[in-house]
1. Which one, Pro304, Pro134, Pro186, has the greatest fluctuation when you compute a Gaussian network model over the chain with C-alpha springs under 10 angstrom?
2. Taking the chain, how much of its Cα-Cα pair set, in percent, is spaced more than 33 angstrom apart?
3. With r as the distance between the Cβ atoms of Arg143 and Arg263 and R0 = 51 Å, compute the FRET efficiency 1/(1 + (r/R0)^6) and round to 0.05.
4. Once the Cα atoms of the stretch 175-278 are picked out, what are the Rg and Dmax in Å?
5. Within the stretch 239-322, report the GluC sites (Glu not before Pro) that DSSP leaves as loop and that have at most 16 other Cβ atoms within 10 Å.
6. Mind grabbing the accessible area of Asp18 for me, 1.4 Å probe, Å², rounded to tens?
7. Counting only helical runs of four or more DSSP H residues, what would the 222 nm mean residue ellipticity of the chain come to if each run contributes -39,500 (n - 2.57) and the total is spread over all its residues?
8. If we restrict to alpha carbons, what Rg and Dmax does the stretch 268-330 come to, in Å?
Amino acid sequence: MNSATGTVGAAAAVQRHDIVLQCINLHHRFGAKKVLHDINLRIGRGQIVALVGPSGCGKSTLLRAIVGTHPPSEGHIAMHSGNGSGVQVVRSPGRDRGMVYQRYSLFPFLTAQQNVAFGPMLDETSIPFRTFRPFAWRQLRRRHLRAAEEMLVRVGLQDALRKYPHELSGGMCQRVAIAQAMIMRPEVMLMDEPFGALDEATREDLQRMLLSLYGENLKAKQAGEKPPYTMLLVTHELNEALYVGDRVVGLSQYWNWEDYGIRRPPGATVVYDDTAPVHGLDQVRDFERLREQRETIRRVVFDPEARTDPAEHDLFWKKVADGRAEGVLA
């Protein structure tokens, strides 16, 4: 396949699939400091996309731009709603984007179930409603608590519904934080190194939890339904990126920008975008078979001397077009 044919095929593949999130010609700078350069990214519904890159390259900045707290300096971000309401340009935070941070933030005076139900309460009620319509509020409150219980069961905390944060481990608190995001049913969940502060065993448990959610996506797709969970996961761990994601995107400031006639460092751009093998819960964690791809990512994304051309490893949508993708976009 020549490059022109590949580009046309990739564009056609994008059009055929249910795209949730688009970053289009996105640039970001803080004063004179350029951080992100010409980011173009399209994420399909039901994907778990792992975002990797060197420290300080702008991964968290990109997530904050998508959340809407740090709008881009140039370009724009578009959300495609699954409820038929069309395409919305991101200008501020919204409930169609859920965020999970490395440091979870739970209310210490609320149980796990109450913490998860707090978001729907704020979204669907007001202080006057809860004060002057107590009967309607009690009915709605019961519905919120049932939904919170369902989400906590889904993340493996069915035995911790009525426990307070100080009674939970760090991993359990992070599961509560993920359930808090899930209950709002966002179009995409943004996760900024959510397992980075956890021990290895707890991290593995939470990775398997993400695989179980991806399994729900696959079942929904096979039944002709919309996959419920789309995620963009920032991680510094390459094994994690290749294990839980069906796609790895590498963001790096180490690319051949001089060859494009740029005189000063323009910031990080996407230098790697490729499929990752889809793992099932019953599969053994065999990272040795991922060694070649892991070494390629390490060289292309993390090596300051590599000076990679971003087009060289822009492969994901081309593989989708060729029928070489796994998982929800197979």
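The values are calculated or read from the model by the stated rules, or taken from the named source; none is laboratory data. Since the structure is predicted, the reported quantities are computational estimates derived from the model, not experimental observations. Cβ coordinates were reconstructed from backbone atoms using ideal geometry, including for glycine residues, and neighbour counts include every protein chain displayed. Note: accessible area is taken over every heavy atom of the protein model, side chains too, but ligands, DNA and RNA are not part of it. Shrake-Rupley method; radii C 1.70, N 1.55, O 1.52, S 1.80 Å.
1. Pro134
2. I get 27 percent for the Cα pairs in the chain exceeding 33 Å.
3. With a Förster radius of 51 Å, E is 0.30.
4. Spelled out, the Cα radius of gyration and Dmax of the stretch 175-278 are 16.7, 52 Å.
5. Glu305, Glu312
6. For Asp18, solvent-accessible area is about 60 Å².
7. Mean residue ellipticity, 222 nm, calculated: -11500 deg cm²/dmol.
8. 13.5, 39
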